[in-house]
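Any read-out appearing in this document is the output of simple, stated calculations on the displayed coordinates, not a laboratory observation. All values reported here derive from a predicted model rather than from experimental measurement. Here the Cβ is made from the backbone with ideal geometry for all residues, glycine too, and neighbour counts use every protein chain on show.
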Amino acid sequence: MKKVILWILAFALTGTLLLSCVCLIGRQVIAPGLQEDGAQVSDEVIREEKELARQRITELADLYGFTAEPVIEFVDEETLRGLHKEASQWYSRILTSGKAGEDVEWNPEGLEEIFAKDPAITALERDEAESMVINCTAEVRRSMLRMVLPMRQQVIGIGLQMAAKKVDIANLLEFFAGTPWALLAVSAFIAGLIALIAGRVRASLKYIGSALGAAAIVLAALVILYLTAGIQSMIREASAGLTIQYQDVASGSFMLTGVLAAVLLAGCAVCLVLGRKYEAKA
């Protein structure tokens, strides 16, 4: 009966360890957004989006007939960083208050002047040229904004209003941020309970080690399922800009997952080795 209880507790310990790891990974994803200024974008993302901006502007130039290079030079890395800062603050408002607030707008000074001086546009009739300047400016603004902030702001705002009527989103996210540490505390309590029931710490090591190893295996299995689910391909089809941001977040999450799995496996190996030595002496 004693061994049955110990194995049940070991199973429970596996669950709490696994949940704490999953919540810790999720916390890493949302934690930057909880900062006052929002998440900081990496230089690699800016470089990739600069190239994506070049492609999108070139496509718009082919469609509307304006000269692409001056516009490409206008949308530089500093401009993209400014856009990302506004988008990050928009996300931060959602995470900290549960409300989307005002939509992010980009009103670049000087862009209309670039189109107004474009030889391909100035060659048109006056009314047509003025309309062309307005349309081209609006299309570039819309394209760059959707690249940096791929989500439909109005749709998210409506969704948040509906969700806020049933749950307190801000408090829920704050609770989720502290969940990993609470689960680790529960795991420590269960491990202590196993040691108490086993009678000696060394006698409990095989149960604790088994729980650590099982948590590592399930965590690895979840990563494999995630990778084979085709989520990245779906995001790539939906938005190239979102794909760049997703890859940046996913790389950090996978790195943390690898560290957590390695720690669990190392703990499993140490516990099982010491546990076997104790059983051999006994």
Between A138 and F254, what FRET efficiency follows from the Cβ-Cβ distance if R0 is 35 Å, with the result rounded to 0.05? 0.35
Roughly speaking, what is the stretch gain from A120 to Q28, that is 0.36 nm per residue apart minus the C-alpha to C-alpha distance, in nm to one decimal? 28.3 nm
Starting from the Cα-Cα distance between E51 and W181, subtract it from 0.36 nm times their residue separation and give me the gain in nm to one decimal. 42.7 nm
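Taking 0.36 nm per residue of sequence separation and subtracting the Cα-Cα distance, how much length would be gained by fully extending the chain between A12 and V223, in nm to one decimal? Each step should come with its number before you reach the end.
Details: separation 211, 0.36 × 211 = 75.96 nm, distance 2.10 nm.
Taking 0.36 nm per residue and subtracting the Cα distance, the gain is 73.9 nm.
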